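One structure is given here, and the rest of the page talks about it.
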Amino acid sequence: MLTVKNLYKKYNKSKAIASNNISMDINKGEIVGLLGPNGAGKTTLLKIICGLTIPDSSEVIISNIKMEDKTRLKIMEKIGVVLEGNKNLYWAISVLDNYYYFGSIKGKTMGEIKKNIEKYEDILKTKELLIRKVNTLSMGQKQRVAITASLLHELEPLILDEPSNGLDIESRILLTNAIKTLREEMKITVLIASHDTDFLRKTVDRFIIINNGNIVDEFENTNITAEDIENKYKIHTNLKEV
Ligand SMILES: Nc1ncnc2c1ncn2[C@@H]1O[C@H](COP(=O)(O)OP(=O)(O)OP(=O)(O)O)[C@@H](O)[C@H]1O
């Protein structure tokens, strides 16, 4: 459902090659973790897939549509994306107003938005948060609300950049469970970029390891431990597996 072929990107003012001939395939309903250290090229790859960054060369195909100038907006409409940082929601207004705002810019009617909020709020545990202003929410609550907001249109796939950053253990578990439930109940395809090996090990079906703009390995998430992965690929996080 998502194919990237021979993707190459070098930023003008950077010596490093952000994406060096990257190719990958993600199947419908798969949860894939893109794991790599800081500066490995994860965010660049996600932004190219989302149509937000223009590559020097590549072929990106999403749901059988090839990314080109004339199809870029169509693809962007299909993708649900939560990038790293605080720019995914408006903090001074309520959660509900954020849902109506982001849903309406994706072309949804009030009725459709309401239906979709109801569809996802049990899974994302956001039911109690609707009338709260975003700036009163915890990091974990903000992250789950941002994901709900990105799901208000019919999307394929869901793209998350560093979703576990700053979350406590309880919020991490809630997020892992929500992502797995979205896949099980709605067959949503999810691509998660992170340098948090422990979070990915608990969440994804398959790892793609990226470093210095190159895919260095790919493997199913079977009985390998986070520690084994970190040692093998020299990626280090603070959290120990529990
Ligand atoms: N806008 C930009 N201009 C110049 N260089 C950039 C730009 N964005 C990223 N880079 C460079 O491209 C390379 C890949 O960066 P990228 O942000 O994609 O990595 P990352 O794996 O997401 O890192 P992190 O985990 O720190 O977010 C790095 O060398 C980075 O310095």
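Please treat every number below as a calculation from the coordinates, not as lab data. Nothing here was measured: the structure is a model prediction, and the numbers come from that model. When we count neighbours, we look across all protein chains shown, and the Cβ atoms used for this are built from the backbone with ideal geometry, even at glycine.
For Lys42, Lys202, which order do you get if you count the other beta carbons within 10 Å of each Cβ and list the fewest first? Let's see the in-between values first.
Working: Lys42 25, Lys202 20.
By the 10 Å Cβ count, ascending, the order reads Lys202, Lys42.
Given the Cα atoms of the chain, and with Rh set as the inverse mean 1/r over their pairs in the Kirkwood sense, what is Rg to Rh to two decimals? Can you show the working numbers first?
Working: Rg = 17.5 Å, Rh = 18.3 Å.
Ratio of gyration radius to Kirkwood radius: 0.95.
Go through the range 1-80 and name the GluC sites (Glu not before Pro) that are in a DSSP coil and have 13 or fewer other Cβ atoms within 10 Å of their Cβ. Please report the intermediate quantities before stating the final value.
Details: sites: Glu30, Glu59, Glu68, Glu77; in loops: Glu30, Glu68.
The qualifying sites are Glu68.
I need the fraction of alpha carbon pairs in the range 76-179 separated by more than 25 Å, rounded to a whole percent.
The answer is 9 percent, as a whole percent.
Neighbouring Cβ atoms within 10 Å as the yardstick, rank Ser14, Ser138, Ser150 fewest first. Working shown, then result.
Details: Ser14 11, Ser138 14, Ser150 21.
In increasing order of surrounding Cβ atoms, one gets Ser14, Ser138, Ser150.
Please state the charge dipole magnitude for the chain, taken about the Cα centre, from unit charges on C-beta atoms (+1 on K and R, -1 on D and E), reported in debye and rounded to the nearest 20.
Working: 35 positive and 32 negative charges, 152 e Å.
With Lys and Arg at +1 and Asp and Glu at -1, about 720 debye.
Pulled fully out, how much extra length does the chain show between Lys10 and Met186, if you take 0.36 nm times their separation in residues and subtract their Cα-Cα distance?
Details: separation 176, 0.36 × 176 = 63.36 nm, distance 3.63 nm.
Net length gain for the segment: 59.7 nm.
When only alpha-carbon atoms are used, what values of Rg and Dmax, in angstrom, describe the range 118-218?
Every Cα atom of the range 118-218 included, Rg and Dmax give 14.1, 45 Å.
Using a cut-off of 13 Å between beta-carbons, work out the net charge of the residues near Tyr99 (Lys and Arg +1, Asp and Glu -1, Tyr99 not included).
Numbers: positive: Lys106, Lys108, Lys114, Lys115, Lys119, Lys127, Arg132, Arg144; negative: Asp97, Glu112, Glu118, Glu121.
Neighbour charge sum, excluding Tyr99 itself: +4.
Using a 10 Å cut-off around each Cβ, can you sort Met1, Met67, Met110 from fewest to most neighbouring Cβ atoms?
Values: Met1 15, Met67 22, Met110 10.
Going from sparsest to densest Cβ surroundings: Met110, Met1, Met67.
Per 0.36 nm of contour for each residue apart, how much would the distance between Lys28 and Asn165 grow if the chain were fully extended, relative to their Cα-Cα spacing? Before the final figure, lay out the partial values.
Numbers: separation 137, 0.36 × 137 = 49.32 nm, distance 2.59 nm.
So the chain would gain 46.7 nm between Lys28 and Asn165.
Taking a cut-off of 27 Å between Cα atoms, list the lysines near Lys114, but don't count ones fewer than 8 places away on the same chain.
Cross-link targets: Lys28, Lys74, Lys78, Lys87, Lys106, Lys125, Lys127, Lys133, Lys142, Lys180, Lys187.
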